[in-house]
Amino acid sequence: MFEQKIDEELSLKMIDHRDAEELFRLSDRSREHIKTWLPWIHFTKEVEDTRNYIKMCLRRYAENNGLTVCILYQGNIAGVVDFHEIDEKNKFTSIGYWMGADYKGKGLLTRSCRVLFDYAFKTLGMNRIEIRAASQNTKSRGVPERLGFKQEGVIRQAARLYDEYTDHVVYGMLKEEWLKKGEIT
């Protein structure tokens, strides 16, 4: 089970069945904030939907094909970071994330991702991490940009969002680049 204390206020822990109610309440309170870029919020209508999501995350973890962690700020769930898939053969993973509306602008996501990237490169042996974000989602794009990821391109009309297509900006980081930056301790 993954757990990592970052500092006195911030820590990460693998998602767990016991997180369902708190995580649902956070997503429910943050509905307006989340729905702009993440349409899954429309399908999260009750705690049972969050329980099903957690089951899927734990199943992927058991199959060595993902890792979903809760960001804990002052002991409360503030958001989620997720390695979507872990490609062992190619030593590659992609990452997604979201923060509750009450926790925006505190740098929690960037600090959390930094620790998870260290873990992916150092412990999981990944060679590449990829982040995709909607081209107009400047908040989400700020995380890889602050952490020194390279913008590798744009996938045109990559996702359908509310009956419109949106482009995705692709960011990548290689292990050798991360090591050169001195991020891994």
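Working note: 222 nm ellipticity from helices only, DSSP H runs with n ≥ 4, each -39,500 (n - 2.57), summed and divided by the residues of the chain, gives -10000 deg cm²/dmol to the nearest 500.
Taking 0.36 nm per residue of sequence separation and removing the Cα-Cα distance, the ILE155/LYS89 pair yields an extension gain of 21.3 nm.
Using a probe of 1.4 angstrom and keeping all protein chains present, the accessible surface of the chain works out to 55 square angstrom per residue. For the options GLU22, GLU85, GLU63, a Gaussian network treatment of the chain with springs between C-alpha atoms closer than 10 Å singles out GLU63 as fluctuating the most. Please label the shape of segment 85-148 as rounded, prolate or oblate, based on the square roots a ≥ b ≥ c of the eigenvalues of the alpha-carbon gyration tensor (a/c under 1.5 means rounded; beyond that, a/b larger than b/c means prolate, else oblate). The shape class here is prolate. Listed here are the pairs LYS91/LYS175; LYS5/LYS175; LYS104/LYS180; LYS13/LYS55; which of them are more than 20 Å apart at the Cα? Over 20 Å apart, Cα to Cα: LYS5/LYS175; LYS104/LYS180. Heavy-atom accessible area with a 1.4 Å probe sorts PHE117, PHE92, largest first, into PHE92, PHE117. Under 5 Å between amide hydrogens, built in the peptide plane, is the criterion, and for ILE86 it picks out GLY66 among residues at least 5 positions away or on other chains.
Checking every one of the trypsin sites (Lys or Arg not before Pro) in segment 59-113 against DSSP loop status and a limit of 12 other Cβ atoms within 10 Å picks out LYS89.
Segment 1-22 and segment 66-134 have Cα centres spaced 12 Å apart.
Springs join every pair of Cα atoms under 10 Å in this Gaussian network model of the chain, and among ILE129, ILE155, ILE86 the largest mean-square fluctuation is at ILE155. Counting only protein heavy atoms and a probe of 1.4 Å, the accessible surface of segment 21-80 is 51% carbon and sulfur.
Each residue of segment 113-125 is assigned a 3J(HN,Hα), and the resulting list reads 4, 4, 5, 5, 5, 4, 4, 4, 6, 7, 8, 7, x Hz, derived from the Karplus form 6.51 cos²θ - 1.76 cosθ + 1.60 (θ = phi - 60°), x at Gly and Pro.
Expressed as a whole percent, the proportion of Cα-Cα pairs in the chain lying more than 31 Å apart is 11%. Electrostatic tally near GLY75: other residues with Cβ closer than 12 Å to its Cβ, Lys and Arg +1, Asp and Glu -1, net -1.
The values are calculated or read from the model by the stated rules, or taken from the named source; none is laboratory data. What you see is a predicted model; the values in this text were computed from it and never measured. Every residue, glycine as well, gets a Cβ built from its backbone with ideal geometry; the counts of neighbours run over all protein chains shown. Just so you know, the surface numbers come from the protein's heavy atoms only, side chains and all, with ligands and any DNA or RNA stripped out. Shrake-Rupley method; radii C 1.70, N 1.55, O 1.52, S 1.80 Å.
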